[in-house]
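Single-structure report; data block below.
Every number here is computed from the coordinates shown, using simple stated rules; none is lab data. Here the structure is a predicted model, which means the values were calculated and not measured. Cβ placement follows ideal geometry from the backbone for every residue including glycine, while neighbour counts extend to all protein chains displayed.
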Amino acid sequence: MKILYFARIRQIAGRSMEELEVPASVVTVADLIVHLSARDEAVAAALAERRTLRAAVDQNHVALEHPIAGAREVAFFPPVTGG
């Protein structure tokens with residue numbers, strides 16, 4: 001699965017993307033956040049503000065409770081504002 005990090009999250013994580021095998025026990029975006037955070041302190045810091053964290057699964061905005069089964073890509077980004 002491809003994991004993408006955007007904007008401030010990319011800066012804190014120190015990378016824009018990574019590819020990894022996700023264990024079968026990781027079934028939602030929230031589970032993926034826990035898994036990624038346990039692997040890397042910088043990513044943990046980048047994904048720490050879950051209240052404002054936004055995610056997309058295969059380029060569709062989703063809630064953190066959204067399942068990731070069969071997903072090819074999960075992206076994380078801060079809130080988007082217009083202006």
Sort 20-26, 57-63 by packing, meaning the average of other beta carbons within 10 Å per residue, with the highest value first. 57-63, 20-26
5 Å is the cut-off here: which amide hydrogens, built 1.01 Å from N in the peptide plane, fall below it relative to E73, excluding neighbours closer than 5 in sequence? K2, D58
Taking the Cα centre of the chain as origin, work out the dipole magnitude from +1 charges on Lys and Arg Cβ and -1 charges on Asp and Glu Cβ, in debye rounded to 20. 280 debye
Under 12 Å, Cβ to Cβ, from F77 - net charge with Lys/Arg +1 and Asp/Glu -1: +2
If I stretch the segment between E21 and L64 completely, what's the gain in nm (0.36 nm per residue apart, minus their alpha carbon distance), one decimal? 13.6 nm
Please name which of L53, G70, A24 has its Cα lying farthest along the dipole of the chain towards the positive end, using unit charges on Cβ (Lys, Arg +1; Asp, Glu -1) and the Cα centre as origin. L53
